[in-house]
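The values are calculated or read from the model by the stated rules, or taken from the named source; none is laboratory data. Since this is a predicted model, take the numbers as computed values, not measurements. Heads up, the Cβs are rebuilt from the backbone with ideal geometry, glycines too, and the neighbour counts pull from every protein chain shown.
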Amino acid sequence: MASQDWLEKDFYRTLEVSKDASEAEIKKSYRKLARKYHPDSNPGDTAAESRFKEISEAFSVLSDPEQREEYDQIRAMGAGGARFSAGGGGGQGFDDVFGGMFGGGAGRGGQQFTYQQGGATGFEDIFGMFGGGGAPRGPQAGRDIQASTTLDFETAVQGNTITLQTPSGNVKVKIPAGVSDGKRIKVRGKGEPSPNGGPQGDIILTVHVRKHPVFERDGDNLRVTLPVTFTEATLGATVEVPLLGGGTVKLKVQPGTPSGRVLRVKGRGVQTPKRVGDLLAEVQVVVPTHLSDDARAALEAFREVEPKENPRDDLMARARN
């Protein structure tokens, strides 16, 4: 992306954060907006897709400390009145100065790409072109490629090797097990080549993860809602719980288990290099919607003999206090 674009675009406004927002605030706002405007959540909505690209572009700059500092400097220079324009006599314009230092590109094959200049190009070096001083520079690294890809939930949890289509060809990228939504993976030496004999740039891959219809992440744990019948919860039972990737595991529901209680299955969560999470099954007692005459009669008989405790007594007491 050219610096002319940086001058014209307000990335802080795009991410709905202030100019002094912390890294955590930027990341939190990005995740919220990315989920809202992600193409998977808005099929066929070109406006949402365009907004998602703007959000991803803004995050790729503001989440990188060096790029953010450079962006702030360029925006400050623009706000202060400094301008470079091409004169009628073929003078060097703003795009000519900065365009050679910051490139832009379009993605292929479903991935999205932007570029950043490799190396440590300082602001003082820009003004050195206009007569200012500056130490001679050695070979610079090639441009980094900013890319993004969307993974299904199971691939993100279990890990896999994917093929990334870049402007210069296909690159295989190993996705580590347990990668989370918004995670950035650096693929060293697969970016743009150096213009003057330096090292090749990197690919900075931002991962987006689709939601699963049954499971959701809770750190390194997996969560699932487990429906049980009234009698299973009251009298106790052994039930089957699905596992990510197929198969089931048997789980014992103790007598008198209420809705909302979380039952834990050790070692069946997300496996990362540091630890293995658990599967957390949250009990949801299902109330029957259709009763036979015999079932209704049995429940009415039970109501006559059930404990005469009011389950709302504690709720009322806490509300009064």
In the range 187-219, how many are acidic (D, E) and over 30 Å from V241 (Cα atoms)? 2
Restricting the range 34-62 to residues that are crowded, with 19+ Cβ neighbours inside 10 Å and hydroxyl-bearing (S, T, Y), which is modelled with the highest pLDDT? Y37
Between R296, R303, which is surrounded by 10 or more Cβ atoms within 10 Å (Cβ to Cβ) and among the basic types (K, R)? R296
Count, please, the residues in the range 240-262 that happen to be among the hydrophobic types (A, V, I, L, M, F, W, C) and buried (at least 18 other Cβ atoms within 10 Å of the Cβ). 3
Does E232 meet the test of being of a type in the set (D, E, K, R) and buried (at least 17 other Cβ atoms within 10 Å of the Cβ)? yes
Every residue from the range 8-53 that is β-branched (V, I, T) and in a helix (DSSP H, G or I): T14, I26, T46
Only one of these is within 30 Å of V241 (Cα to Cα) and under 39 Å from the mean Cα position of the chain (by Cα): A281, A295. Name it. A281
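Quick check: anything in the range 244-251 within 14 Å of V283 (Cβ to Cβ) and assigned by TED's automatic domain parsing to the domain that holds V287?
Narrowing the range 244-251 to residues within 14 Å of V283 (Cβ to Cβ): 251.
So of that shortlist, the ones also assigned by TED's automatic domain parsing to the domain that holds V287 come out as 251.
Yes.
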Taking the condition of being among the hydroxyl-bearing types (S, T, Y) and in contact (Cβ under 8 Å) with a residue 12 or more places away in the chain, how many residues in the range 258-303 meet it? 2
Can you pull out the residues in the range 47-67 that are within 24 Å of K36 (Cα to Cα) and of a type in the set (D, E, K, R)? E49, R51, K53, E54, E57, D64
Considering only residues of the range 136-173 that are within 18 Å of D202 (Cβ to Cβ) and of a type in the set (A, V, I, L, M, F, W, C), which is farthest from the chain's Cα centre (by Cα)? A141
